[in-house]
Amino acid sequence: MLPSQDKPQLPLPAPDARAASEALTDAIRAEIAAHGWISFADYMRMALYTPGLGYYAGGAAKFGQGGDFVTAPELSPLFGACVAATLAPVLQALDRGEVLEFGAGTGQLAAQVLAELERLDCLPRRYLIVDVSAELAARQRATLAALVPHLLDRVQWLDRLPQRFAGCILGNEVLDAIPCDLVYRDSAGALFERGVVWKDGFHWEDRLLAPGPLLSLASALELPPDYLTEIQPQMHGFVHSVADMLERGIALFVDYGFPASEYYHAQRNRGTLMAHYRHHSLNDPFFLPGLSDLTCHVDFSAVYSAADACGLQLEGYVSQAQYLLDAGLPERLAALPQAQYLSAASATHKLTSPAEMGELFKAIAFSRNLALPSLLPGFRAADDSYRL
Ligand SMILES: C[S@@+](CC[C@H](N)C(=O)[O-])C[C@H]1O[C@@H](n2cnc3c(N)ncnc32)[C@H](O)[C@@H]1O
């Protein structure tokens, strides 16, 4: 699909990228033809994860200046050092346990965490990576080989989750990449699922919500009339698999989002679904399938409920700014040599400023079978759990 006229400034993709996007469009179109209509979660799953063509499974640059967006570990290694500070006491308590990172992106966070844990003399026995993208796994290996070559033999990529796990589970900006469903409540109060059809292009089509998990979740939210929003039923399944394997240790997630009271606020009546293409945020999720990232914000109340239902204990919920400040970001910044200070200070500002990532992003941690003598670094100075 060509960029439309209201996006005149967007850089055009290279011919091979455009061809890949057209092949993915054909594949999604065939899926629609087979069923007449597909849910938005199915569209998003195919757009992001179709092997070889999906945004995360294909060759798009994705991360960093040459890609479509920048994540915290891409901004500064101080982010990973702070994460390592949270993990260290847990690994010590478990006599070195393991780390399992979901969706490791370019591998920067893994490299930063391993480097800092080594400095703290607290290396995990293994650092496991679970990623749905084979292309990214190859990039992660290259990053780790370049940044921490002597630690590469501790890193393993898994095709499936371990049945039992003791240690620290980690995911930065993974929850927002889990496909979401779209739900619309009309002015008369009826609930619809907004799906995708093909009519010379992708178009929306609403269907009355049938009884099932999505209807139960949507009904419980008591949405205002004429209200469009996202719900992530698959996130519940993801949290269940995390909880099922976690015998002892913590699970730490950092992502952008809100508690339900803010997420489903009457004024947010067109949801949070967004596409990212070359550092532009677009409202059109059908723009260049496979070349644009698709995300929705995370409902942290739903994450908490899913984890609580599986018997995980909440360790803390704070803004990213609160998290990083308590996990030692200012001290780490101050200790940097002068040559690194300016760029690190600028990254610190981005990571913590309320106008940038500081307030929108949150950190949430859960534990199981862990009795630590003190609260986890990152969650000692503040606690916003009452908002969940
Ligand atoms: C926005 S990127 C974040 C990457 C990285 N954590 C960072 O902060 O730079 C989302 C990542 O999550 C991965 N992902 C999405 N769903 C996943 C799942 N269910 N299991 C493992 N990885 C997943 C994607 O392949 C991608 O690497």
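The values are calculated or read from the model by the stated rules, or taken from the named source; none is laboratory data. As the structure is a computational prediction, the values presented were derived from the model and not from experiment. Cβ: placed from backbone, ideal geometry, glycine included. Neighbour counts: every protein chain shown. All accessible areas refer to the heavy atoms of the entire protein, side chains included, with ligands and DNA or RNA removed. Shrake-Rupley method; radii C 1.70, N 1.55, O 1.52, S 1.80 Å.
Per-structure values
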| read-out | value |
| --- | --- |
| Residue ID - farthest from Arg45 (Cα to Cα), chosen from residues in segment 229-264 that are hydrophobic (A, V, I, L, M, F, W, C), under 13 Å from the mean Cα position of the chain (by Cα) and assigned to a strand (DSSP E or B) | Leu252 |
| Flag for Leu158 being away from the ligand (no atom under 15 Å from the Cβ) and at negative phi | no |
| Single residue of segment 104-138 satisfying the filter (open to solvent by 40 Å² or more (accessible area, probe 1.4 Å) and part of a helix (DSSP H, G or I)) that is nearest to the ligand (Cβ to nearest atom) | Gln108 |
| Flag if Gln267 is in a loop (DSSP other than H, G, I, E, B) and over 24 Å from Ser39 (Cα atoms) | yes |
| Selection within segment 84-99 - buried (at least 24 other Cβ atoms within 10 Å of the Cβ) and either of a type in the set (S, T, N, Q) or near the ligand (Cβ under 10 Å from one of its atoms) (or both) | Thr86 |
| Residue among Leu151, Leu147 that is within 16 Å of the ligand (Cβ to nearest atom) and either over 18 Å from the mean Cα position of the chain (by Cα) or within 28 Å of Gly257 (Cβ to Cβ) (or both) | Leu147 |
| Ser346 being open to solvent by 50 Å² or more (accessible area, probe 1.4 Å), closer than 13 Å to Ile364 by Cα and hydroxyl-bearing (Ser, Thr, Tyr) | no |
| Evaluation of Gly237 against (1) over 30 Å from Ala14 (Cα atoms); (2) of a type in the set (Gly, Ala, Ser); (3) more than 15 Å from the ligand (Cβ to nearest atom) (one fails), failing number | (3) |
